[in-house]
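Student: I'd like to ask some things about the structure below.
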Amino acid sequence: MRILSPTAILGYGFPEASLEAGLARDPDAIAVDAGSTDPGPCYLGSGESFTDRAAVKRDLRLLVQAAGTAGVPLLIGSAGGGGAAPHLRRDLDVLREVAEQGGLTLRVALVHADVSHERVRAALNAGRIAPAGSAPPLTGEALDQTSRLVAQMGVEPLLAALAEGVDVVLAGRAYDPAVFAAPAIAAGHDPGLALHMGKILECGAIAALPGSGGDGLLGVLGDGFFEVEPLAAERRCTVTSVAGHTLYEKADPAMLPGPGGSLDLTGAAFTQVSERRVRVTGSRLVPSAGYAVKLEGAARVGFRTVSIAGCRDPVMIGQIDDVLATVRARVAEGLPGLGGSHLGFRLYGRDGVMGELEPRRDETPHELGIVIEAVAESQEEADTLCALARSTLLHAGYPGRLSTAGNLAFPFSPSDLRGGEVYRFSVYHLMEVDDPLELFEIEIVEIGGAPTQDAPPVSEARR
């Protein structure tokens, strides 16, 4: 069983030569992840996509053609980035354009991942929701504030969609390995090995050397093993690169929890079987006592304005915490009506990445990049807060100051940049379900126009 993963995320791109190399290996399915929570809660809350539409269209055009040529299904998970209804609709619209412009007829299974507030509230009242990781317990108030909710599907809804004999499975929010594992599980392969292979394939050639999110891998499943290798000749998979990616985004190196169970990797073994290919054995799926899916929800908290500045005055840098405390006090005095707003400073060059966890925080850097962040209930209030903080810091006096010129250097004009709406993850919890399919509606649609002689319908190619 051969699964072709062309890229880390739909829209990240890939070399056409790599795709051709993958097609030469006669894949049984092409699968690609299209989203993530990595870019934060804004995209889920706003319904916007973090992937560029033109880039997604380019990738989809090539992948639809490739799937049609090979006569295999194309699976897309976490459509549009966030996997909610607006994201699914965006990618369906792009797919429709590709089909119409290519003279293709495509039968598409849409797998919806949106969950109603009422359903989640009923589960909360029934004691069927628990925090995921370090999230606080879910409250009714947090649920009321949530603008959009999705559930992360496992392989079961994808298996049901594949059973419809469609050309494309376009799924909402999905467990990252699921779109890669589902075709293999449907063909009777071991779920543990299929999911572990999906874990490697989900990020494309990031699991190879040199790593790249804009290139692909081929996964091959056999009896008791799977193998992965890159599609580009200049890359290679090694035991270290594949084992290292197995640890990617995992709190526990031995166990990977997912919908319906955990992937137990304590017995996994990695073997270099050629210069570019690694074999993995021993991965197994341990089903959980009950079936739970992860809920993701985002709530709007206001609007953001930021200003970016640089400082190279060693006297100011040496007492930057006191200077910022003075600025905060003066801004609070000047804008008493914005007491519920947020004013933050990120100091790049000292602790902008790790904050208070930075072990070298007490060292005095020779320069600082300062990001001023203002969040308020309206964009205008955020603008006002940021402007006052920026001008106050620009002209703040401090002991040892030798010049009356500005303290900051601004790389951009205008210096204050509107960031728009701000969201936070308000729901990041596990919800028990009786049936892995119960939250995920499957809708079959046919898209495209009349086929041309040069571009037969993909569904006809598959038959």
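Student: Which residues, taken from region 384-401, are in contact with a helix residue (DSSP H, G or I) (Cβ under 7 Å, 6 or more places away or on another chain) and of a type in the set (K, R)?
Tutor: Passing the criteria: only R401.
Residues are listed down the side, and each one gets a yes or a no for (1) over 28 Å from F303 (Cβ atoms); (2) touching a strand residue (DSSP E or B) at 6+ places or on another chain (Cβ under 8 Å):
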residue	(1), (2)
I9	no, yes
A21	yes, no
D26	yes, yes
G35	no, yes
Y43	no, no
D52	no, no
V56	no, no
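Student: On the basis of being outside the structural domain of A123 (by TED's automatic domain parsing), more than 30 Å from A130 (Cα to Cα) and at pLDDT below 95, does L347 make the cut?
Tutor: In short, no.
Student: So, one more: Any residue in region 224-242 that is part of a helix (DSSP H, G or I), polar (S, T, N, Q) and in contact with a helix residue (DSSP H, G or I) (Cβ under 8 Å, 6 or more places away or on another chain)?
Tutor: yes
Student: Something else about it: Just give me the residues in region 30-76 being farther than 21 Å from V150 by Cβ, hydrophobic (A, V, I, L, M, F, W, C) and surrounded by 20 or more Cβ atoms within 10 Å (Cβ to Cβ), in sequence order.
Tutor: I30, L60, L63, V64, A66, A67, A70, V72, L74
Student: Looking only at helices (runs of 4 or more DSSP H) that fall completely inside region 37-124, which ones have 2 or more residues that are more than 25 Å from R25 (Cα to Cα), of a type in the set (D, E, K, R) and at pLDDT 95 or above?
Tutor: Correct list: 85-101.
Student: Which count do you get for residues in region 311-366 that are aliphatic (A, V, I, L, M) and in contact with a Leu (Cβ under 8 Å, 6 or more places away or on another chain)?
Tutor: 11
The values are calculated or read from the model by the stated rules, or taken from the named source; none is laboratory data. Just so you know, these numbers come straight off a predicted model, no measurement behind them. So basically every Cβ, Gly included, is an ideal-geometry build from the backbone, and we count neighbours across all protein chains shown.
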